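A.B. asks: Got a structure here, written out as structure tokens. Questions coming.
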Amino acid sequence: MFVISNAMMSQAEVVQSDRWDYGPLQLFFVPQRHRRELEQVALVHEWNRSLSGGFARPAEAYDYVHKGLGLKNLTNPNLVLVPRQRDGYSELHGMLASLVPSQILKDLGIEKVKANLALFLRGRIDPLPNDYADRACAAFEKHIWMKLAPKARLRSDFFSPTSPLRLLAGDTLFWMHRLYRIALDRAEEAPESQERECEEWEPLDQLERKLKACIPAKNHGKFYLRRPLAGGTICDIDDPEECDFFLDEMIQGAGVMDSLEPVIEALHAHRVHEDFSDHYSWVKEDFERSFYSKRSRLKVSLVETIDDMPVWSADDGQGYERVLFRDMLAFLDRGERHLVLALRCGKTTTEIARELGHSGHAAVSRRIKKLRAKVKALLN
């Protein structure tokens, strides 16, 4: 997995400092019907290599996206074009497969390929199999499952194909998005290219004056120029440890995306019968034993009644208060009614959270805050 420096084609590149404030990374797949469509390949490459510029993109590439692809209302500058062959293959498939151990790829009859961050398709001396994209997706799903469910007893065939864990592991587009976002962040860590006097590069301040002459004055602080970043290897696909670390960053987010660890933990902690396949497994047996054991225990639940409250004030007009309380409960859903009755019975947020099975009282406190706002709006 590598990136080619823009220094081969330009002296400087534009950077929009706040481009990520306009939205997350977006991938748009472009069908490449013929390999001889060199103009399309060039425009896609021109658009992708200027991603750091945000809204400041080359005019010809912008016209291609605006008119040729029909993306007329671009409100998010973080758009990446992904060329795709007629057999479905894109460089993102090659990137996914490059992170998978060689033995898994060998079992599926494919090999690792070095994919370019610019994502443009190029002819190969050794053509890839027509079903390389499908095999790459299957290989990645098999390997990422070991990350999502690392225990040996959690085999993928023990779970239903429609279970959340299996769906997460097999969502290729989702993993492509996270992979490319991590790769972009790594590419930004590269140093700027050294100026080369033999090529007669213009001073950077002169180029920046030309840039500011082309954009409104109010946007001068958002755009600046830098020398093109150096290219090179983003991830050594021949190093298993580095590939494994890259996968960990895809799951944890590496500071540029939300971590998936809370989601994975929730999927493991809250299973239902539909999550398991028809195969017998110890994990399925453990789930059923735990599930029915919990249901057999006697539990005390709050009863929704308003006539037997523990404490009443003699100064209150009980008739009016009871009618008002009944009317207020009618506007609340079942969960909010339970919460109101629990508070009225004198229970603390910690006690309520413990009865609901929460590890802390933060979630209950937020619900109480929303409930107070709703009741206040009703009474006003």
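A.B. asks: Being at pLDDT below 90, in contact with a helix residue (DSSP H, G or I) (Cβ under 7 Å, 6 or more places away or on another chain) and at negative phi narrows it down to one residue among ASN116, ASN76; which is it?
C.D. replies: Numbers: ASN76 fails: at pLDDT below 90.
Only one candidate qualifies: ASN116.
A.B. asks: Also, I was wondering about something else. If I go through region 58-84 residue by residue, how many of them are closer than 16 Å to LEU119 by Cβ and within 25 Å of the chain's Cα centre (by Cα)? Even if it seems obvious, please write down each step before you answer.
C.D. replies: To start, the set of residues in region 58-84 that are closer than 16 Å to LEU119 by Cβ comprises 61, 64-65, 69, 78-84.
When the remaining residues are screened for being within 25 Å of the chain's Cα centre (by Cα), the result is 65, 69, 78-84.
Adding up the residues that qualify gives 9.
A.B. asks: Can you say whether ARG186 is in contact with a Cys (Cβ under 9 Å, 6 or more places away or on another chain) and assigned by TED's automatic domain parsing to the domain that holds PHE245, as far as the supplied structure shows?
C.D. replies: yes
Residue-wise test of (1) part of a strand (DSSP E or B); (2) without any contact (Cβ under 8 Å) to a residue 12 or more places away in the chain; (3) of a type outside the set (A, V, I, L, M).
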| site | (1), (2), (3) |
| --- | --- |
| PHE28 | yes, no, yes |
| VAL41 | no, no, no |
| GLU60 | no, no, yes |
| VAL80 | yes, no, no |
| PRO83 | yes, no, yes |
| ARG86 | no, no, yes |
| GLY94 | no, no, yes |
| ILE104 | no, no, no |
| GLY109 | no, no, yes |
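A.B. asks: Name, by its number, the condition in (1) surrounded by 19 or more Cβ atoms within 10 Å (Cβ to Cβ); (2) basic (Lys, Arg); (3) in a loop (DSSP other than H, G, I, E, B) that does not hold for LYS114.
C.D. replies: All conditions are met except number (1).
The values are calculated or read from the model by the stated rules, or taken from the named source; none is laboratory data. Values in this document were obtained by computation on a predicted structure and should not be read as measured data. A quick note on method: Cβ atoms are made from the backbone with ideal geometry, for glycine too, and the neighbour counts reach across all protein chains shown.
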